[in-house]
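Worksheet: one structure, shown below.
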């Protein structure tokens, strides 16, 4: 649902906008109103609207000045200027500040609806593009994180928290994102890297305490538990069976 703020010193205009918006099934909510630009700029932080209707002519601070300040604060804000015929060219000349649309007074309900539909389409497109950028960034981040883990799994102090700090992510967000993108928990991926390397050492007949140290789990007892959980065998059994197979083959 998109949030709407109404700014006009004429109560009748605000009433018309409110009634029209409330009677339309456009997934909109009116979160606040103001009768001047000064009041609006001082209360907009409370409402954080997605769309603002603002009159171009108001006392103390006009709609153009308000729009400049509001867009500086909220660059994605969609502003619809309400303007009389005599001020229309003045309003159009300010298009560079980021105003999304103009409504010429006297405004009709049909024009309000059509303008809102256009602005809502803009918001949807921007949201879709933003989501695509986030997905692309996340995928790039995941690739870098996996590479980082594969290069540093042998460090005993590497874990979800340290990786999140290294890449400037919130820990819970990183955990959730990694699982969503890879189908595997980050801690599980780290353990997989360690255990696959441990299996390679076991096949060479490397002593368990040396392997444990090489893969970043220097506690032999804990390493043994991890190895058994991952492979289903004790380290000694795995190494012995592999050595026996090699002997039979020769």
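A few notes on this one:
- C-alpha long axis of helix 11-23 to longest principal axis of the chain, angle in °: 50
- Once the Cα-Cα distance is subtracted from the 0.36 nm per residue extended length, the residue 136 to residue 157 segment shows a gain of 4.6 nm.
- Highest mobility in the GNM of the chain, judged by mean-square fluctuation with C-alpha springs under 10 Å and restricted to 182, 231, 83, is found for 231.
- Modelled FRET efficiency - R0 51 Å, residue 184 with residue 9, Cβ distances, 0.05 increments: 0.30
- FRET efficiency, residue 97 to residue 173 (Cβ-Cβ, R0 35 Å, nearest 0.05): 0.55
- Taking 19 Å as the cut-off, the amide N atoms of the stretch 25-44 that come nearer than this to a point 7 Å along the Cα-to-beta-carbon line of residue 61 belong to 31-44.
- Cα-based shape type of the stretch 156-250, given that a ≥ b ≥ c are square roots of the gyration tensor eigenvalues and the cut on a/c is 1.5: prolate
- 10 °C / 1.306 mPa s Stokes-Einstein diffusion coefficient of the chain, Kirkwood radius on C-alpha pairs, µm²/s: 69
- Simple label model, 7 Å out from Cα along Cβ direction - residue 74 to residue 110, nm: 3.0
- The chain: angle of helix 171-182 to the longest principal axis, Cα-based, in degrees nearest 10: 80
- Additional length obtainable on full extension of the chain from residue 84 to residue 148, 0.36 nm per residue less Cα span: 17.0 nm
- Angle in degrees between helix 235-249 and the longest Cα principal axis of the chain, rounded to the nearest 10: 60
- The stretch 2-127: C-alpha gyration tensor shape, a/c 1.5 cut-off, then a/b vs b/c: rounded
A short reminder: the numbers here are calculations on the coordinates, not readings from a lab. This is a predicted model, so every value here is computed, not measured. Please note: Cβ atoms are built from the backbone with ideal geometry, for glycine as well, and neighbour counts cover all protein chains shown.
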